[in-house]
Amino acid sequence: MSYIPTASQTAGPFFNFGLTANPGLGNLAAAGAEGERIRLAFRVIDGDGAPTPGDAMIELWQADSIGRYPHPLDARGNETGRFHGFGRLETDLNGCCTFETVKPGRVASPDGSLQAPHINVVLFARGLLKHLHTRVYFESDPANTQDSVLALVPEERRATLLARHDEDDPATWRFDVVLQGDRETVFFDV
Amino acid sequence: MIEYPRTPPGTQPAYFHEAYRATHRRAPRQPLICLPHTLSELSGPLYGHNPIGETDNDLTRHFPDPPQGERIIVAGRVLDEDGRGVPGALIEIWQANAAGRYRHSRDNHLAPLDPNFRGAGRALTDAQGNYRFTTIKPGAYPWRNHDNAWRPAHIHFSLFGSGLLSRLVTQMYFPNDPLIPLDPMLSAIPDREARQRLVSSFDLSITEPEWALGYRFDIVLRGRRCTPFEEPQP
């Protein structure tokens, strides 16, 4: 017998005290975790260009600096305990939140090729009846041209999945999640 | 690695729903791009190692004095698509108090806050996928979606299963609530049975004599090969 997955409902605007009370979840990799430390700064914008004021939540899931997930499906394991790979923050009144992590390595595709470094993003918000999936890739990474997921995205929309270096701070990458409009972010049906 | 089944049409809400106003400027307009499932999607955050406090699943015991309202027990099982219990799943809940007000700085509803009720809890499912919360029955409250709009009483649920694709945030409703047929969030789910599955059922076997009424709410997460990768912590 097949059971049908329970329907999603919006997280609404008032999830803060239930889900995002712990700002420590803004750090995906504790001090001492291997790899290049980066900050990943998000801004979430609606169809009017307005930020989501405190009523959106971003969750991240990523591999470590050599492309291993801390999960039993990844046979290579990740034993240090310093890398969690999971993050969760609410957006502030300007629609922004910033995570601390390490730049992920490359993860294998089912066809055996290697994916470009990427971070999985899950977005929840008032007005989203079901969460949205997208991915952060890194602008100018030479592996992007070989990535099997980016290859599925129409070329003119690929730039919406690229985080960009902050002009003043090379350790910070910026990524806008645009829910609607000319620069609408690519979202995935998973 | 095997891909998860896709969810049957009509059993999940659409992103754009005319009657739910906040979707108008937030629902994506471009078609979503179908993503093959890779290790990135099939793996997911594990919470089994996170310490869960003794009273985390009893929202009536977060302050020295009990909260106002009708004490209830909400219990059930978390299952995968084969109907097998999902062990070690993290469940987080949050809700309004008995008067229909959230402990949130931007909830302006003119109803009293309860100093003895925060309204958030969490639990891990046991080896068979069972969970249990003690809480207060939340009140209905108005919202500004349309003229004279009221949300049916509900408890928000957030769940982490075995992988990123199992992630679920939903709301549990109460049986025989007259507001349910009027609710735009529920009507966004096309399939009638899928809507009905979000409504808990009164359950005398969960009810505790001289103490609290019991409601059953079973939840199905995506995934067929439930991987018992981690025993829940004692």
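The values are calculated or read from the model by the stated rules, or taken from the named source; none is laboratory data. The shown structure was predicted, so the numbers you read here are calculated from the model rather than taken from an experiment. Note that we place each Cβ from the backbone using ideal geometry, even for glycine, and neighbour counts take in every protein chain shown.
Give the residues of region B:24-60 that are outside any loop (DSSP other than H, G, I, E, B) and in contact (Cβ under 8 Å) with a residue 12 or more places away in the chain, sorted by residue number. Result: B:Leu39, B:Ser40, B:Glu41, B:Leu42, B:Asp58, B:Leu59, B:Thr60. The residues of region B:171-192 that are within 11 Å of chain A (Cβ to nearest Cβ) and of a type outside the set (D, E, K, R), listed by number, are B:Gln171, B:Met172, B:Tyr173, B:Pro184, B:Met185, B:Leu186, B:Ser187, B:Ala188, B:Ile189, B:Pro190. For region A:145-163, state whether one or more residues are among the basic types (Lys, Arg), outside any strand (DSSP E or B) and at pLDDT 95 or above. Yes, some residue in region A:145-163 is among the basic types (Lys, Arg), outside any strand (DSSP E or B) and at pLDDT 95 or above.
Can A:Pro110 be described as part of a loop (DSSP other than H, G, I, E, B), in contact with a strand residue (DSSP E or B) (Cβ under 6 Å, 6 or more places away or on another chain) and of a type outside the set (A, V, I, L, M)? In short, no.
Specify which of the listed residues (A:Val102, A:Val121) is more than 10 Å from chain B (Cβ to nearest Cβ) and either out of contact with any strand residue (DSSP E or B) (no Cβ under 6 Å at 6 or more places or on another chain) or surrounded by 23 or more Cβ atoms within 10 Å (Cβ to Cβ) (or both). From the options A:Val102, A:Val121, the qualifying one is A:Val121. The numbered conditions (1) part of a strand (DSSP E or B); (2) touching a Pro at 6+ places or on another chain (Cβ under 9 Å); (3) more than 9 Å from every other protein chain (Cβ to nearest Cβ) are all true for A:Glu59 except (3). Whether a residue is of a type in the set (A, V, I, L, M) and under 24 Å from A:Thr52 (Cβ atoms) was assessed, and A:Ala108 does not pass this test.
Just one of the numbered conditions (1) touching a Phe, Trp or Tyr at 6+ places or on another chain (Cβ under 6 Å); (2) surrounded by fewer than 20 Cβ atoms within 10 Å (Cβ to Cβ) is not true of B:Pro152: (2).
Being under 26 Å from B:Asp183 (Cα atoms), touching a residue at least 40 places away in the same chain (Cβ under 8 Å) and touching a helix residue (DSSP H, G or I) at 6+ places or on another chain (Cβ under 6 Å) is a property that holds for B:Asn145.
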